[in-house]
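Encoded as structure tokens, the structure appears first; notes follow it.
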Amino acid sequence: MEILKVNRKIRRDESYYRLSSFLSQVGGIEVKAIQKIKKSTVYLVKTSNQKLILKKHSNKGNVLKQWGFFEKVNSPFINSFSHFPNGKLYLEEDEGVWTIAAYIIGEKLHYKNEQDRIKAVYCLKQFHKTARNIHVNSRYLNTTPYLHRWYHRFHLFKETKPIFEAYNYRELYTDIVKTTTLHLKRITQFPWQIYEEDAKHKGLWIHGDVAGHNFINNNNQHTTLIDFDLLQNTAPLYDYIQLGQRFLPYLNWDINKLMAYEMIAQQDQKAWLNAICIPVDMMREWLHFLKRNKNDNPISELVRMQDSWEKRQYFFNDMKIMLK
């Protein structure tokens, strides 16, 4: 056992040395210390005078899209990429593309806390105020309508039906599919294509992943958005749909409490609420669970899903009353 620990340490040290050498030779960064944060893709790098977040990306086009956006925006609510000391925007190697960004000392937001929810809404609104009239090279943009992500996720979810059946959760699966089908049909009454075309014309953007860990609140109580890998030129409404779904479990699925955050304009509320009824958040978590735990027994996750689904019915019932 001790030999295995030593061997792992040696391999880790060799890996860090190679990475430090690469950063020095290709990027001009003189590394004093390096610490892995997430697998082999995100590191905290310490130099003689600063701390940086180093990230490896598999998609160069996505990096260029983000750089195209960052070069046209200047906001204290956005943690943009930084140039490497030698002026490069990114570093390339066979396995991917590396970027750096400033390391922000602070804490991620937790949506169970009301003040953190308020900070998230405020920060996201500031982001959307800034992220307008920004146009980048179209070759880096995803032209697929954003709604297609929901249909694609629904398709992947339906492919997991045998798992629900194997563990006697077929009724849960059927309820989720029935509800999703119903609300996907209902949202067709709203002009999503116009929302998206208008956003492209006006150069509006969404962050794309408004989980609490992508908001960092620093020692001065200023909140900044980080990690723009899902950045997209489309209607801001989509960010608020996702944020609403992330808030609701901590609001006991109370529609009135959610409305009190005043995330979106009144004329868009029906579209927003109907879209929130589509359980794409639950499907996302389920698919992520299966990807992370391919060989694990899913019963604990199914129990959690069942409980979450039952609580969600309060929201569905309130929606029926409100939209009559």
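Observations on the model:
- Ser24-Ala211 FRET efficiency (beta carbon distance; Förster radius 25 Å; 0.05 resolution): 0.15
- When you count the other C-beta atoms within 10 angstrom of each residue and take the mean per peptide, 268-281, 44-57 line up highest first as 268-281, 44-57.
- Extension gain from Ser308 to Thr181, taking 0.36 nm per residue of separation minus the Cα-Cα distance: 43.8 nm
- Whole-angstrom gap from segment 94-108 to segment 277-324, using each part's C-alpha centre: 31
- Two-site FRET efficiency, Lys320 against Asn74, from Cβ-Cβ distance with R₀ of 45 Å, rounded to 0.05: 0.50
- Value of relative contact order over the chain, rounded to a whole percent, pairs C-alpha under 8 Å and six or more apart: 16
- Rounded tilt (10° steps) of 299-322 against the dominant C-alpha axis of the chain: 50
- 24 Å tail of the calculated P(r), segment 204-324, as % of Cα pairs: 37
- Length available on full extension from Ser15 to Asn293: 0.36 nm per residue minus the Cα-Cα distance, which gives 97.4 nm.
- Relative contact order for segment 2-103, counting Cα pairs under 8 Å that sit 6 or more residues apart, in percent: 24
- Segment 211-263 pair-distance distribution - Cα-Cα, 10 Å bins, rounded %: 20, 45, 34, 2
- Counting only alpha carbon atoms, the long axis of helix 60-70 and the longest principal axis of the chain meet at about 80°.
- For the chain, the longest principal axis of the alpha carbon atoms and the long axis of helix 280-292 meet at an angle near 50°.
- Cα-projected label distance for Lys39 with Lys112, points at 7 Å along beta-carbon direction, nm: 2.7
- Whole-number Å³ per residue for the convex hull built on Cα positions in segment 109-206: 163
- The mean of 1/r over all pairs of different alpha-carbon atoms in the chain, once inverted, gives a Kirkwood hydrodynamic radius of 22.0 Å.
Coordinate-derived values only; no laboratory data. Computed from a prediction, not measured in an experiment: that's the story for all the values here. Please note: Cβ atoms are built from the backbone with ideal geometry, for glycine as well, and neighbour counts cover all protein chains shown.
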